[in-house]
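Peer 1: Below you will find the structure I want to go over with you.
The values are calculated or read from the model by the stated rules, or taken from the named source; none is laboratory data. Remember, it's a predicted structure, so these values are computed and weren't measured experimentally. Neighbour counts run over all protein chains shown; Cβ positions are idealised from the backbone, glycine included.
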Amino acid sequence: MVSSPWVSGGVRIPRAVLAEVERAGREAYARDEEACGYLEGPLDDPFAIDRAVELENQANKYHAVDPEGHPRTGREYFKINSLKFEKAIRVAGEQARAVKVFFHSHLDCGAYFSQEDAASMTLGGTGAPPHPLAYLVTAVDRGEVTGHRLFVWHERDASFVEAPFVIEEA
């Protein structure tokens, strides 16, 4: 099994990669939805991040088709194509890389890990997250990024807790 030390936090995110997360957050805000995606990096440097990949938030599409079955919109949560995400994790591993962080934005409510976030990342609250990831939440308030916080799964308490990360300047 591959070791995944980034699940304890401490990832190093270059300013340019974080700028991509922020761009995605601002653009998603303009569409009235949360941004989402992942950060990856090389396996031989477990705390290094070198790439951000935005994923489509499909929540509004699901809501439009079935508002009763999917009552929340993309402003309130994210829904991704899980098959595409699973493929990204697999392909990264085949290239001696890893998807290390899942990111998403919150609109006008700050950077925190909500109960909905926890349920999404633990398949409905049925246990630990299925993938070894840390989770970056970006606050976008009135269209501007106002903060970032990283969260990790704490096994003993069966909950998500804040963890440190480093923003690397160029």
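Peer 1: Of 76, 144, 54, 68, which residue is more than 20 Å from residue 26 (Cβ to Cβ) and among the acidic types (Asp, Glu)? Steps first, answer last, please.
Peer 2: On the way: 76 fails: more than 20 Å from residue 26 (Cβ to Cβ); 144 fails: more than 20 Å from residue 26 (Cβ to Cβ); 54 fails: more than 20 Å from residue 26 (Cβ to Cβ).
Just a single option satisfies the conditions, and that option is 68.
Peer 1: How many of the residues making up segment 111-170 are part of a loop (DSSP other than H, G, I, E, B), under 16 Å from the mean Cα position of the chain (by Cα) and touching a residue at least 40 places away in the same chain (Cβ under 8 Å)?
Peer 2: 6
Quick grid of which residues meet (1) surrounded by fewer than 20 Cβ atoms within 10 Å (Cβ to Cβ); (2) not hydrophobic (A, V, I, L, M, F, W, C):
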residue: 28; (1), (2): no, no
residue: 40; (1), (2): no, yes
residue: 71; (1), (2): yes, yes
residue: 77; (1), (2): no, yes
residue: 92; (1), (2): no, no
residue: 116; (1), (2): yes, yes
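Peer 1: From the list 27, 54, 68, which residue is of a type outside the set (S, T, N, Q), over 23 Å from residue 162 (Cβ atoms), part of a loop (DSSP other than H, G, I, E, B) and at pLDDT 95 or above?
Peer 2: Values: 27 fails: part of a loop (DSSP other than H, G, I, E, B); 54 fails: part of a loop (DSSP other than H, G, I, E, B).
Going through 27, 54, 68 in turn, just one is of a type outside the set (S, T, N, Q), over 23 Å from residue 162 (Cβ atoms), part of a loop (DSSP other than H, G, I, E, B) and at pLDDT 95 or above: 68.
Peer 1: Looking only at segment 35-52, decide whether some residue is without any contact (Cβ under 8 Å) to a residue 40 or more places away in the chain and closer than 23 Å to residue 146 by Cα. Working first, answer last.
Peer 2: Filtering segment 35-52 down to residues without any contact (Cβ under 8 Å) to a residue 40 or more places away in the chain leaves 45, 48, 50-51.
From what's left, closer than 23 Å to residue 146 by Cα: 50-51.
There is at least one residue in segment 35-52 that is without any contact (Cβ under 8 Å) to a residue 40 or more places away in the chain and closer than 23 Å to residue 146 by Cα.
Peer 1: Could you grab me the full set of residues in segment 1-24 that are more than 26 Å from residue 156 (Cβ to Cβ) and not in a strand (DSSP E or B)?
Peer 2: 15, 16, 17, 18, 19, 20, 21, 22, 23, 24, listed by residue number.
Peer 1: Are there any pairs with C-beta distances below 9 angstrom linking a residue in segment 64-89 that is farther than 15 Å from residue 32 by Cβ and free of Cβ contacts under 8 Å to residues at least 60 places away in the same chain to a residue that is surrounded by fewer than 11 Cβ atoms within 10 Å (Cβ to Cβ) and of a type outside the set (Asp, Glu), with the two at least 6 apart or on different chains, and if so which?
Peer 2: What qualifies is 70/64.
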